[in-house]
1. Considering all alpha-carbon pairs of the stretch 134-216, what whole percent are spaced by more than 16 angstrom?
2. From the gyration tensor of the Cα coordinates in the chain, what semi-axes in whole Å does the equivalent ellipsoid have, largest first, with each one equal to sqrt(5λ)?
3. Only sites in a loop by DSSP and with at most 10 other Cβ atoms within 10 Å count here; which trypsin sites (Lys or Arg not before Pro) in the stretch 8-91 make the cut?
4. What chymotrypsin sites (Phe, Trp or Tyr not before Pro) in the stretch 68-163 are in a loop by DSSP, with at most 16 other Cβ atoms within 10 Å of the Cβ?
5. For the stretch 86-158, what's the radius of gyration and Dmax over Cα atoms, in angstrom?
6. If we count every other residue with Cβ under 15 angstrom of residue 148's Cβ, Lys/Arg +1 and Asp/Glu -1, where does the sum land?
7. Counting DSSP beta bridges with both partners in the chain, what percentage is antiparallel, nearest 5?
8. May I ask you to give the percent of accessible area on the chain that is carbon plus sulfur, with a probe radius of 1.4 Å?
Amino acid sequence: MKILIVEDERPIANLIDLNLSASGYQCSCVYDGLEAADLIENHTYDLILLDIMLPGASGYELLEQIRPLGTPVIFITAKGSLQDRVQGLRAGADDYLVKPFEIVELIARVESVLRRTGKTEERYEIGDVIIEPKSMLVSKKGVPIMLTHKEYELLLLFVRNRNIALFRDTIYERVWETEYNGDSRTVDLHVQRLRKKLGWQKCLVAIYKVGYRLEA
Ligand code: CA
């Protein structure tokens, strides 16, 4: 899955690159609007992350160029006002991310846009474990694994953010969809069950005082 990152703030571009690459995406970064236009003309991407305020050409101008190609676009910008958001979506962006953002949110949006636009095959292979979100099937060495709904949601969160450290509060808020009250037992208990069911004692790593990371 090839992603083009168009962002003139290099630390942000590099941070996105680092994290999406860790999740298995093939990323290219470009820091200038005109260079971006050139790349878009000569290469094919599955998704473009597009900053709005850029030297050379604006994100809106680039979007005009991208739209006929049908490549999905997520705007990434500091301009967070409602008006800008509406303008971005009206111009044909598939989603909108306002800086500063959390990496988990970025990855969730990337996954969601790729899914919506039919770009993702939605099948994950982590060692001998296979996860097929369309059918909600999880198997290990070909043998189906029975998971509760929350265990499954937790697994999907880890798999979609593999090699990224996830904070307990982020995990809780994503999977249980309520605000984290500081009680770590629910998350810890479910992680223990996942480890046991999938044989992931070694790859589902606890990070002291932070949370967990799936090493894959
Ligand atoms: Ca910018």
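1. 48 percent
2. Square roots of five times the eigenvalues give 34, 19, 15 Å.
3. Qualifying residues, ordered by number: none.
4. When the chymotrypsin sites (Phe, Trp or Tyr not before Pro) of the stretch 68-163 are filtered for loop state and at most 16 Cβ neighbours within 10 Å, 101 remain.
5. Final numbers for Rg and Dmax: 15.5, 49 Å.
6. Around residue 148, the charge tally is +3.
7. Bridges in the chain that DSSP calls antiparallel: roughly 45 percent.
8. About 50 percent, which is the carbon plus sulfur part of the accessible surface.
The values are calculated or read from the model by the stated rules, or taken from the named source; none is laboratory data. None of these values were measured; they are calculated from a predicted model. Methodologically, a virtual Cβ is constructed for each residue, glycine included, from the backbone with ideal geometry; neighbour enumeration extends over all protein chains shown. Ligands, DNA and RNA are excluded from the accessible area calculation, which covers all protein heavy atoms including side chains. Shrake-Rupley method; radii C 1.70, N 1.55, O 1.52, S 1.80 Å.
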